[in-house]
Amino acid sequence: MSTFVPKEVQAGLDSARLSSLKKASRLRLAVDGKTYPVLRMWKTGFSMLADTAPYLRGYVDLYDGAIHLFQCLIVAADEEAGEMRYEFKRLTAVAEKPALDFVRAEDAPVALLAHDID
């Protein structure tokens, strides 16, 4: 059995694969006030469409819809089959609250009420 696929068929398969990835992903990348759709993400990186993806390097923000997921330090890795691949140098999850540098007691007061002295 031959594993040879004509160029036209391979181009059609790549196009169909990229369009299905584009429809399925809600991830997007924000850098310098511009946003770019992310096709897929894995543990050490992510990919975007090669024809619309700039050659990025540096700090970017990664979103899932409107939810800010990560602040990333990235570097462009390579281009393959219509996808531009990027690797994470640093990936920091974004928290909703600031980090605590102490243990909070369960019975700690929520707020402090001041007394008015007359």
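Could you list all residues from the stretch 73-104 that are at pLDDT 85 or above, loosely packed, with under 13 Cβ neighbours inside 10 Å and either aromatic (Phe, Trp, Tyr) or not in a strand (DSSP E or B) (or both)?
Once the filter is applied, which keeps residues that are at pLDDT 85 or above, loosely packed, with under 13 Cβ neighbours inside 10 Å and either aromatic (Phe, Trp, Tyr) or not in a strand (DSSP E or B) (or both), the stretch 73-104 yields only Val94.
Determine whether Asp51 is touching a His at 6+ places or on another chain (Cβ under 7 Å) and in contact (Cβ under 8 Å) with a residue 24 or more places away in the chain.
No.
Just one of the numbered conditions (1) in contact with a Phe, Trp or Tyr (Cβ under 8 Å, 6 or more places away or on another chain); (2) closer than 15 Å to Val31 by Cβ is not true of Ser47; which one?
(2) is the only condition that Ser47 fails.
The values are calculated or read from the model by the stated rules, or taken from the named source; none is laboratory data. These figures come from a predicted structure and were not determined experimentally. Note: ideal-geometry Cβ built from the backbone for every residue, glycine included; neighbour counts use all protein chains shown.
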